[in-house]
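Participant: Would you mind keeping the following structure in view while I ask a few things?
The values are calculated or read from the model by the stated rules, or taken from the named source; none is laboratory data. Not measured: the values here are computed from a predicted model. Glycine gets a Cβ as well: all are built from the backbone with ideal geometry, and neighbour counts include every protein chain shown. These area figures cover heavy atoms from the full protein model, side chains too; ligands, DNA and RNA do not enter into them. Shrake-Rupley method; radii C 1.70, N 1.55, O 1.52, S 1.80 Å.
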Amino acid sequence: HVRNTLTAAASDGARAAARLGATPADGVIRARELIRGGLADRFADDVAATNTSIDGVPATEVVVTARVPALGLGGPAVDLTVTGHAVQEVAP
């Protein structure tokens, strides 16, 4: 559940940052909102976004790194990194 929620937040954050006129900071804000709303604040501490290129196409990448419980709330934690990508909108 945690991995899926973080992955969805990273993907949605990338889409938010890829809109025409948006910045990578917009993607970080959106991803953090979704993580905090769906999980907890502590999972939203390490979120980064950058403009990049995928096969020559302008894109945005959002990366979320979090320490998550591996075996339930009382179990040991593991580091998890998930990434979301979106093609950037360009003016016609």
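Participant: Relative to the Cα centre, what is the charge dipole magnitude of the chain, using +1 at the beta carbon of each Lys and Arg, -1 at the beta carbon of each Asp and Glu, and rounding to the nearest 20 debye? Walk me through the numbers on the way to the answer.
Facilitator: Working: 8 positive and 10 negative charges, 44 e Å.
For the chain, the charge dipole is close to 200 debye.
Participant: How many Å² of accessible area per residue for the chain, probe 1.4 Å?
Facilitator: On the way: 5300 Å² over 92 residues.
Here the per-residue accessible area is 58 Å².
Participant: Still on this structure: If I stretch the segment between D46 and A91 completely, what's the gain in nm (0.36 nm per residue apart, minus their alpha carbon distance), one decimal?
Facilitator: Numbers: separation 45, 0.36 × 45 = 16.20 nm, distance 3.11 nm.
Using 0.36 nm per residue and subtracting the Cα-Cα distance, I get 13.1 nm.
Participant: Right, here's the next one. Heavy atoms only, probe 1.4 Å: what % of the accessible area of the chain goes to carbon and sulfur, would you let me know? Walk me through the numbers on the way to the answer.
Facilitator: On the way: 2830 of 5300 Å².
On the chain, the fraction of accessible area on carbon and sulfur atoms equals 54 percent.
Participant: Under 8 Å for C-alpha pairs, at least 6 residues apart: give me the relative contact order for the range 23-81, rounded to a whole percent.
Facilitator: Computed value for the range 23-81: 24 percent relative contact order.
Participant: Which option, (1) 22, 19, 12; (2) 21, 15, 11; (3) 27, 12, 9, is the value of semi-axes √(5λ) of the Cα gyration tensor in Å that was calculated from these coordinates?
Facilitator: (3)
Participant: Projected onto the charge dipole of the chain (+1 at Lys/Arg Cβ, -1 at Asp/Glu Cβ, origin at the Cα centre), which of T60, A16, T5 gives the Cα projection farthest towards the positive end?
Facilitator: T5
Participant: Here's something else I'd like to know. Report, in degrees rounded to the nearest 10, the 0 to 90 angle that the Cα long axis of helix 2-18 makes with the longest principal axis of the chain.
Facilitator: Computed tilt is about 20 degrees.
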